Each structure stands twice: as C-alpha cells, then as structure tokens.
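J.: This is the structure, below, for whatever I ask next.
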C-alpha cells in the first residue's frame, strides 16, 4: 500500500519544518515520510510502502534483475557501478517473479530506490536483522563509492545491493527487502559521557554498564531459567529459504542447537556460522538509535553481528529494566576460537535522532524481535 498524505503527516502536516527539534541527528520516520511524499532525499521507480519506513530507517528493495559477478568490488572515485558491472558481470538473472541466489556466489542487484541527498545529509546502510540471522552478507554500493554501506553527503544517484548468501541459498524477488538505510543530518554520534548520562536517566542495560568508545556487550553461554540452549549452529547443504515467507520453517532442518557446558564456553569452528545472544538486556531510548560497530580484531578471531541497527524503543519500556537481548551473528575466521561466558564481543554506539518518532520499535508497528532472548530469524517457527 502506498503512503497516503494522512498516513504520512496527519492533521498538522503543513506545520512541519526542518528536520526536528535538533539540528543534527538521524532522521526519524515522520521526517522520512515527509521527504518521500515531497520526492526529496529518497525517490523510487515504484511507490514506497508503509511497511518500509521504520522508526529511524527505511527498508530498501531489490529491483527486477540480479548480476552474478566474478568478485566483490567497489567502483572507486572515477567509476559508476554500471561501469564496473560491464567488466565483472558473468550473467544477468531475471528475479522479478523469484529466483534463487546460491550460497557462496556474489550478486549485485540494482535497488528500486535512489537518493537525491542535500548537503550535510549522508547515509549509512546495514542488513536487516532477519538478513543477518540467515548469514546473508549484504552491503550497499553507490556510484563512485570508496567504502561499502556509506553514502556520502549530497549523493545523487542509484543504489545497489551486493549480496552473498554464506550458508543457505535464498529465494528473492523484486521488492524483497534485505537492507535498511539510515539518513543523518550532520554528525550526531554520542560521547561516552553522554552515554553515562543516558544510562543514569534511563538504564541502557540491565546491570552496571561498561562504557568505552560505546557500550560494551558480552556473550551469554550459561543459559537462563534452566534452559541450557545457548545458541544455534547453521547446517551446511540445507534447503532454500524464501526470504519473504515468515514462520514457515522447522529450525532443526537448518540449525544444530548449541547447549551450555559446565565450563560455560564453546569452540567456534573456522568458517562456521552461529547465532548467540548477549548476556545483557538492552534498551534504546525513544529519541536515540544505536548500531553494533564492526568487530574489534584485538578481541579475537571472529566477526560479530552482521546486522547492526537497533531502532528507537528496542527493549525499552518506561519505568522497567531493559527487556531485550542482542542476538549475535558470529562467524569464526581462520582458526578455532574459544569463546567464554561474559567475554566482550562488541559495543553499541548511540546516535540522537533529530526528533523522536511518533512510533517506536515494538508490537504496535509489527516488530519481530521486541523482548527477544535467543531467537532465530522470523522465517522459523518457534523451537
């Protein structure tokens, strides 16, 4: 369903000015909707639907063709993505009605949305939570980009998704949403001092926080409330997963359970994919968004959390302790690695929004992972 004027703005729509109460920050849903209606910042070859707009981001959609490429690439400052595709594309696949992307292959797909950014408006992209939990490595590319997932301020041009299913083959089609995009005005990253003030006003985690260049998170390998299940390990050579079908799959057809052991540790096998969960429960205040930053290689030989966005309101309930844990997508690198209970595995950095969104993450907007513990993607039935 396309966004209507009433849905976008309400009765006082014409009184909206600027980007909100703060001059810098991430643009919230009602500002994104306003810009979409005016065909500013974000435009599309097809109507942008209600469900694409999240509290602090926009789900972006695959177009009708996929290019199977020889290798991942960045266009660099002198080239467009189409220039590079002319050199590295092996063949083109029509995905309009659905097609399988094979595990281990690299695809580049033009998206339905494009950007018309202004000065000081930049973007950052990340896989959606459900995408990361399927071990689908997805990155945004723009023309003349020198880095993945970053959109330079003032960029005007098309968007592309680079997609590599790492474990499971996936069925996608035109309109499938694998990435999400945040737009920011200025540079609103929060300092450690501000995080401490935020935690004092409303707890960000359910215990005394460790704050050092962001909020540290650790892994739970002991289980809770008598449940010894602490994670899942992906099976090789499983069936195809239809990205657009929810709660249709038996977890045991795709995953092996990982149970707590007396020593509260596990050995991560090289190049295997695990779903684990944080020891801490997390809450994101309604006027902030957070992101799990790239893994620090000094902590160990593994990558954590492919899908790093945390929306305003995730785990947040006024007057209550944080209620949702961070699900961790973990892949070891070249060597086996012993991961122990309570080991630091990542950190959250927080960014203020220019304005609180009218609706935050939770059941009201159909969010899948509020109050979550250890949880697979929405494609699987409850274990």
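J.: Across 10 Å bins from 0, what is the distribution of all Cα-Cα pair distances for the range 26-185, in whole percents?
T.: 11, 43, 35, 11, 0
J.: Within the range 228-243, find all residues whose amide N lies under 20 Å from a label point positioned 7 Å from the Cα of residue 269 along Cα-to-beta-carbon.
T.: 229-240
J.: Right, something else. Run the simple label-point estimate for residue 87 and residue 207 please: 7 Å along Cα→C-beta, distance reported in nm.
T.: 5.1 nm
J.: Would you mind ranking 129, 332 so that the residue whose beta carbon has the fewest other beta carbons within 10 Å leads the list?
T.: 332, 129
J.: If the viscosity is 0.890 mPa s and the temperature 25 °C, what Stokes-Einstein diffusion coefficient in µm²/s follows for the range 192-365 when Rh is the Kirkwood radius over Cα pairs? Mind dumping the intermediate values first?
T.: Values: Rh = 17.4 Å.
Translational diffusion coefficient: 141 µm²/s.
J.: Per 0.36 nm of contour for each residue apart, how much would the distance between residue 224 and residue 173 grow if the chain were fully extended, relative to their Cα-Cα spacing?
T.: Extending this stretch completely gives an extra 14.5 nm.
J.: Per residue, how big is the convex hull of the chain when only Cα atoms are used? Give it in Å³.
T.: Hull volume over Cα atoms, normalised by residue count, gives 143 Å³.
J.: Which FRET efficiency value, to the nearest 0.05, is calculated for residue 344 and residue 235 with the Förster distance at 22 angstrom and r the Cβ-Cβ distance?
T.: Computed FRET efficiency for residue 344 and residue 235: 0.20.
J.: Residue 150 versus residue 245, label points 7 Å from Cα toward the beta carbon: distance in nm?
T.: 4.0 nm
J.: Then there is this: Within 10 Å, count the other beta carbons around each residue, average over each peptide in 94-105, 140-151, 348-359, and list them highest first.
T.: 348-359, 140-151, 94-105
Throughout, read-outs are computed from the coordinates displayed, never taken from laboratory work. Every value quoted in this text rests on a predicted model; they were computed, and no experiment measured them. Counting neighbours? That spans all protein chains shown, and the Cβs are built from the backbone with ideal geometry, glycine included.
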